[in-house]
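Okay, so here's the structure we're looking at.
The values are calculated or read from the model by the stated rules, or taken from the named source; none is laboratory data. This one's a predicted model, so the numbers in the text were calculated from it and none came from an experiment. Every residue, glycine as well, gets a Cβ built from its backbone with ideal geometry; the counts of neighbours run over all protein chains shown. Note: areas computed on protein heavy atoms with side chains; ligands, DNA, RNA excluded. Shrake-Rupley method; radii C 1.70, N 1.55, O 1.52, S 1.80 Å.
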Amino acid sequence: MKKRHYISVAPLLILAGLLSYRYYFVNPNADHNIVQKKLVDSFYVAFAAEDYSSIAGLMSNGNPQMVINVRHWYGEVISFYIKEIRRISSTEKKAVVSITSRRNNEQHVNTDYLVLIEGKNGWQISSYESDLDYKLPG
(Lines give C-alpha, C1' and ligand atoms only; values in the text may rest on other atoms or scores of the structure.)
Protein backbone atom coordinates (compact mmCIF):
# COMPACT_ATOMS: atom_id res chain seq x y z
CA MET A 1 0.00 0.00 0.00
CA LYS A 2 2.73 2.48 0.85
CA LYS A 3 4.32 2.15 -2.58
CA ARG A 4 1.05 3.06 -4.30
CA HIS A 5 0.65 6.09 -2.01
CA TYR A 6 4.08 7.46 -3.03
CA ILE A 7 3.36 6.94 -6.70
CA SER A 8 0.12 8.94 -6.48
CA VAL A 9 1.84 11.82 -4.65
CA ALA A 10 4.65 12.18 -7.20
CA PRO A 11 2.46 13.61 -10.01
CA LEU A 12 0.97 16.12 -7.57
CA LEU A 13 4.44 17.30 -6.53
CA ILE A 14 5.48 17.65 -10.17
CA LEU A 15 2.32 19.61 -10.95
CA ALA A 16 2.88 21.86 -7.92
CA GLY A 17 6.46 22.51 -9.10
CA LEU A 18 5.32 23.41 -12.62
CA LEU A 19 2.59 25.73 -11.34
CA SER A 20 4.95 27.54 -8.99
CA TYR A 21 7.45 27.98 -11.84
CA ARG A 22 4.77 29.38 -14.13
CA TYR A 23 3.09 31.65 -11.60
CA TYR A 24 6.14 32.85 -9.72
CA PHE A 25 9.33 32.68 -11.76
CA VAL A 26 8.06 33.73 -15.21
CA ASN A 27 4.99 35.74 -14.22
CA PRO A 28 5.43 39.29 -15.60
CA ASN A 29 3.48 40.67 -12.63
CA ALA A 30 5.74 39.06 -10.01
CA ASP A 31 7.56 41.51 -7.76
CA HIS A 32 10.95 40.58 -9.23
CA ASN A 33 9.75 41.41 -12.77
CA ILE A 34 8.00 44.77 -12.18
CA VAL A 35 10.86 46.93 -13.52
CA GLN A 36 11.25 44.76 -16.62
CA LYS A 37 7.48 44.71 -17.20
CA LYS A 38 7.43 48.53 -17.18
CA LEU A 39 10.27 48.53 -19.73
CA VAL A 40 8.42 46.11 -22.01
CA ASP A 41 5.15 48.08 -21.62
CA SER A 42 6.96 51.30 -22.58
CA PHE A 43 8.53 49.58 -25.57
CA TYR A 44 5.19 48.35 -26.94
CA VAL A 45 3.39 51.65 -26.40
CA ALA A 46 6.13 53.26 -28.52
CA PHE A 47 6.07 50.26 -30.91
CA ALA A 48 2.34 50.68 -31.58
CA ALA A 49 2.81 54.42 -32.17
CA GLU A 50 5.92 53.83 -34.32
CA ASP A 51 7.79 56.20 -31.99
CA TYR A 52 11.32 55.11 -32.85
CA SER A 53 13.04 57.88 -30.88
CA SER A 54 11.43 56.54 -27.68
CA ILE A 55 12.37 53.00 -28.67
CA ALA A 56 15.98 54.12 -29.22
CA GLY A 57 16.10 55.31 -25.62
CA LEU A 58 15.04 51.86 -24.43
CA MET A 59 17.66 49.99 -26.49
CA SER A 60 21.04 49.22 -24.93
CA ASN A 61 22.85 50.37 -28.10
CA GLY A 62 20.47 53.30 -28.76
CA ASN A 63 19.74 51.95 -32.26
CA PRO A 64 16.13 50.93 -33.03
CA GLN A 65 16.93 49.71 -36.56
CA MET A 66 16.17 46.03 -35.82
CA VAL A 67 12.71 47.11 -34.66
CA ILE A 68 12.13 49.45 -37.61
CA ASN A 69 12.94 46.62 -40.06
CA VAL A 70 10.12 44.46 -38.64
CA ARG A 71 7.58 47.01 -37.38
CA HIS A 72 6.53 48.06 -40.88
CA TRP A 73 5.22 44.55 -41.59
CA TYR A 74 2.98 44.42 -38.50
CA GLY A 75 0.44 46.89 -39.81
CA GLU A 76 -1.90 48.31 -37.15
CA VAL A 77 -1.01 47.03 -33.69
CA ILE A 78 -4.26 46.33 -31.83
CA SER A 79 -2.90 44.95 -28.54
CA PHE A 80 -0.01 43.24 -26.83
CA TYR A 81 0.20 40.80 -23.94
CA ILE A 82 3.35 39.96 -22.00
CA LYS A 83 3.23 36.17 -21.64
CA GLU A 84 6.33 35.75 -19.52
CA ILE A 85 9.55 37.32 -18.33
CA ARG A 86 12.15 34.66 -17.65
CA ARG A 87 15.52 35.07 -15.93
CA ILE A 88 18.49 34.05 -18.09
CA SER A 89 21.20 35.23 -15.70
CA SER A 90 21.50 37.72 -12.84
CA THR A 91 21.69 40.61 -15.33
CA GLU A 92 19.68 39.21 -18.23
CA LYS A 93 16.01 38.31 -18.77
CA LYS A 94 13.93 37.26 -21.76
CA ALA A 95 10.41 38.58 -22.37
CA VAL A 96 7.90 36.74 -24.55
CA VAL A 97 5.14 38.99 -25.89
CA SER A 98 2.05 38.19 -27.95
CA ILE A 99 1.10 40.92 -30.46
CA THR A 100 -2.31 41.19 -32.11
CA SER A 101 -2.29 43.27 -35.28
CA ARG A 102 -4.35 43.97 -38.38
CA ARG A 103 -2.79 43.87 -41.82
CA ASN A 104 -4.29 43.20 -45.22
CA ASN A 105 -7.75 43.40 -43.58
CA GLU A 106 -6.98 40.32 -41.44
CA GLN A 107 -6.19 39.95 -37.76
CA HIS A 108 -2.87 38.26 -36.95
CA VAL A 109 -1.24 37.14 -33.70
CA ASN A 110 2.55 36.97 -33.56
CA THR A 111 5.12 36.44 -30.84
CA ASP A 112 8.05 38.74 -30.10
CA TYR A 113 11.11 37.92 -28.01
CA LEU A 114 13.10 40.62 -26.22
CA VAL A 115 16.33 40.12 -24.32
CA LEU A 116 16.60 42.60 -21.45
CA ILE A 117 19.92 43.41 -19.81
CA GLU A 118 20.77 45.30 -16.66
CA GLY A 119 23.52 47.83 -17.24
CA LYS A 120 24.83 50.90 -15.51
CA ASN A 121 21.75 52.86 -16.67
CA GLY A 122 19.25 50.25 -15.47
CA TRP A 123 17.37 47.69 -17.55
CA GLN A 124 17.40 48.05 -21.33
CA ILE A 125 16.55 45.97 -24.39
CA SER A 126 19.58 44.32 -26.00
CA SER A 127 17.82 42.36 -28.75
CA TYR A 128 14.44 42.11 -30.43
CA GLU A 129 13.14 39.21 -32.54
CA SER A 130 9.74 38.37 -33.97
CA ASP A 131 8.17 35.25 -35.44
CA LEU A 132 6.44 37.49 -38.00
CA ASP A 133 6.77 35.86 -41.41
CA TYR A 134 7.06 38.60 -44.00
CA LYS A 135 8.02 38.41 -47.64
CA LEU A 136 9.74 41.17 -49.51
CA PRO A 137 8.13 42.11 -52.82
CA GLY A 138 9.74 40.74 -55.92
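Close amide H pairs (under 5 Å, H built 1.01 Å from N) link Ser126 with Ser60, Val115, Leu116, Ile117, residues at least 5 positions away or on another chain. With θ taken as phi - 60° and the Karplus curve 6.51 cos²θ - 1.76 cosθ + 1.60 applied, the whole-hertz 3J(HN,Hα) list for segment 65-76 is 4, 5, 6, 4, 4, 9, 4, 3, 7, 6, x, 7 Hz, x standing for glycine and proline. For segment 64-104, a/c is not less than 1.5, where a ≥ b ≥ c are the root eigenvalues of the C-alpha gyration tensor, and a/b does not top b/c. That puts it in the oblate class.
Mean projected area of the convex hull spanned by the Cα atoms of segment 39-138, taken over all viewing directions: 6.6 nm². Karplus-based coupling profile of segment 31-48, in residue order and whole Hz: 3, 6, 10, 4, 5, 5, 5, 4, 4, 5, 4, 4, 4, 6, 5, 5, 4, 5, with θ = phi - 60° in 6.51 cos²θ - 1.76 cosθ + 1.60 and x standing for Gly or Pro. Computed with a 1.4 Å probe over protein heavy atoms only, the accessible surface of segment 26-138 comes to 55 Å² per residue.
Compute, for Thr100, the solvent-accessible surface of its heavy atoms (probe 1.4 Å) with the complete set of protein chains present, and express it in square angstrom to the nearest 10. Looks like 20 Å² after rounding. Highest mean packing comes first when the peptides 38-46, 105-113, 54-62 are listed by Cβ atoms within 10 Å, giving 38-46, 54-62, 105-113.
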